[in-house]
2 protein chains.
Amino acid sequence: MLYALKDLVILDRFIQLVDNKEMIPKDEIRETILAVASEIFSRYGYQKTTMDDIARATGKGKSSIYYYFKNKEEIFREVVEKEVLVLKSKILVAINAQTDPREKLKAHILVRMKGLKNFLNLYNALKNDFLSHFEFCEQLRTRYDKEEIGIIKEILDAGVKNGEFQIDDTSVTAMVIVTAMKGLEIPLLIETNPDTHVEIRLDKLLDVFFYGILIR
Amino acid sequence: MLYALKDLVILDRFIQLVDNKEMIPKDEIRETILAVASEIFSRYGYQKTTMDDIARATGKGKSSIYYYFKNKEEIFREVVEKEVLVLKSKILVAINAQTDPREKLKAHILVRMKGLKNFLNLYNALKNDFLSHFEFCEQLRTRYDKEEIGIIKEILDAGVKNGEFQIDDTSVTAMVIVTAMKGLEIPLLIETNPDTHVEIRLDKLLDVFFYGILIR
DNA sequence: AATTGTACTAAAAACATAAAATGGTCGAAA
DNA sequence: TTTCGACCATTTTATGTTTTTAGTACAATT
């Protein structure tokens with residue numbers, strides 16, 4: 001039992017989303033609407049995005065949108081949740097591709113740091129909005145952070161059992177890693193203009209960060 | 001030349017501030033006004049703090065305030081700058097009390113993490129204000145972060161020369177340390193209610209963080 | 001000469017209200 | 001099953017008015 005069963009279900013769902021051939025038509029249109037809405041929400045935030053905007057951008061009438069979604073709030077929540085879901089799934093895929101704990105950790109961090117961009121854009125756009133929507137995002141993140149700490153703890157534990165890592169308290173260490181990643185998000189987001197640069201920078205940073213800031 | 005001359009001047013200024021016996025009366029009143037204003041700004045932000053509030057809280061008339069300060073903006077800026085100045089000075093004092101690079105670094109981080117509380121309160125109160133004041137704070141911090149990276153780099157370099165640290169690129173490492181500290185600010189601020197707890201937590205975190213997350 | 005209180009003004013914030021835009025519904029049509 | 005146009009209640013915004021506040025001038029006080 002490497003990762004919780006729940007996570008594997010999410011993973012399946014992700015793969016289904018990526019090669020969306022098996023999607024039934026209704027879901028397909030839902031996904032289209034969500035994609036379009038995500039784009040607009042990320043650009044203008046919650047309030048300045050109107051249902052008419054979403055309808056126009058999808059080339060449909062407003063009532064059609066209401067056929068697929070209960071209300072604006074539902075669209076918003078699904079957009080945010082999907083963003084997190086996709087990232088999490090990508091991370092799980094990347095982890096599963098590696099066997100060595102050290103490589104697993106590295107893959108996790110790389111994918112997470114690069115993949116969070118979309119979510120952070122959305123997050124940023126929400127800052128000028130009603131508190132409740134920002135808070136929804138924040139709560140979702142906090143919940144996700146906890147899961148992420150758990151995932152990383154598993155990797156660390158494996159590494160400790162392996163003899164590769166020597167860590168006193170893997171819970172605290174996992175917590176520190178996640179917190180540090182959050183701290184690195186913003187500067188990375190800012191300097192993300194030339195995409196080629198990022199990878200190098202990030203890689204270098206991670207080397208310094210996780211393979212010994214100070215070596216005794 | 002351990003730290004820049006400029007820093008030592010700031011250090012002197014700080015010591016002068018702390019045992020404020022040598023202060024000429026005018027400066028003393030200025031400092032009182034600044035202290036009071038800092039309190040109010042931290043609580044209500046920039047806009048909701050009125051000059052009459054500051055005057056009333058200091059027990060003086062409004063024109064007296066204008067005798068000591070050009071305008072509200074000047075008070076605000078001095079409050080913010082002083083907050084940063086005091087923190088920086090405290091850090092320099094703490095560093096100078098240690099000789100071993102490792103202890104210097106530890107002292108730096110401890111003082112900085114614990115001392116930032118006031119500034120963060122101010123920072124937080126400003127979030128509902130005009131962007132310009134928030135940005136002023138942010139710019140000041142960014143500028144200060146750069147200085148801090150420099151200070152830490154010096155410590156790291158000393159440790160490398162010493163043979164105590166083995167670091168490829170001390171600039172990047174210093175940058176990572178500062179960034180990580182910024183990332184840890186918020187969670188620490190939240191859990192800062194019982195003061196005794198913080199110290200223990202922080203210490204444990206730092207041990208994990210800087211004395212080897214992963215040990216080869 | 002340094003400091004403070006009173007009275008004042010121009011600008012900005014807070015408020016109230018009318019006009020426009022928006023979330024959401026309904027029944028008909030495709 | 002899905003789309004559409006017309007519609008309503010509510011919210012947002014635009015507007016004009018009143019109140020508050022930053023900053024000044026100057027006499028009074030120390």
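The values are calculated or read from the model by the stated rules, or taken from the named source; none is laboratory data. As the structure is a prediction and not an experimental result, all values here were calculated from the model. In this analysis, Cβ positions are derived from the backbone assuming ideal geometry, glycine residues included, and neighbour counts consider all displayed protein chains.
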Sole residue being in contact with a Ser or Thr (Cβ under 9 Å, 6 or more places away or on another chain), assigned to a helix (DSSP H, G or I) and touching a residue at least 60 places away in the same chain (Cβ under 8 Å), chosen from B:LEU85, B:LEU122, B:LEU110, B:LEU105: B:LEU122
Neighbours by Cβ (under 6 Å, 6+ apart or cross-chain): first from the stretch B:166-189, more than 7 Å from chain A (Cβ to nearest Cβ) and on the phi > 0 side of the Ramachandran plot; second surrounded by fewer than 21 Cβ atoms within 10 Å (Cβ to Cβ) and at pLDDT below 75: none
Candidates A:ARG43, A:ARG56, filtered to the one that is under 23 Å from A:PHE136 (Cβ atoms) and at pLDDT 90 or above: A:ARG43
Boolean, A:LEU87 is surrounded by 15 or more Cβ atoms within 10 Å (Cβ to Cβ), under 21 Å from A:SER38 (Cβ atoms) and either within 16 Å of DNA strand D (Cβ to nearest atom) or within 14 Å of another protein chain (Cβ to nearest Cβ) (or both): no
Which numbered condition A:THR32 misses (of (1) within 27 Å of A:LEU120 (Cβ to Cβ); (2) loosely packed, with under 14 Cβ neighbours inside 10 Å; (3) under 24 Å from the mean Cα position of the chain (by Cα)): (2)
Condition met for A:LEU92 (away from DNA strand C (no atom under 16 Å from the Cβ), touching an Asp or Glu at 6+ places or on another chain (Cβ under 7 Å) and touching a residue at least 24 places away in the same chain (Cβ under 8 Å)): yes
Boolean, A:ALA94 is surrounded by fewer than 17 Cβ atoms within 10 Å (Cβ to Cβ) and modelled with pLDDT under 95: no
Residue in the stretch B:122-153 that is farthest from B:ILE109 (Cα to Cα), counting only those that are of a type in the set (Lys, Arg) and at pLDDT 85 or above: B:ARG143
Candidates B:PHE130, B:PHE136, B:PHE76, B:PHE119 - the one that is away from DNA strand C (no atom under 16 Å from the Cβ) and among the hydrophobic types (A, V, I, L, M, F, W, C): B:PHE119
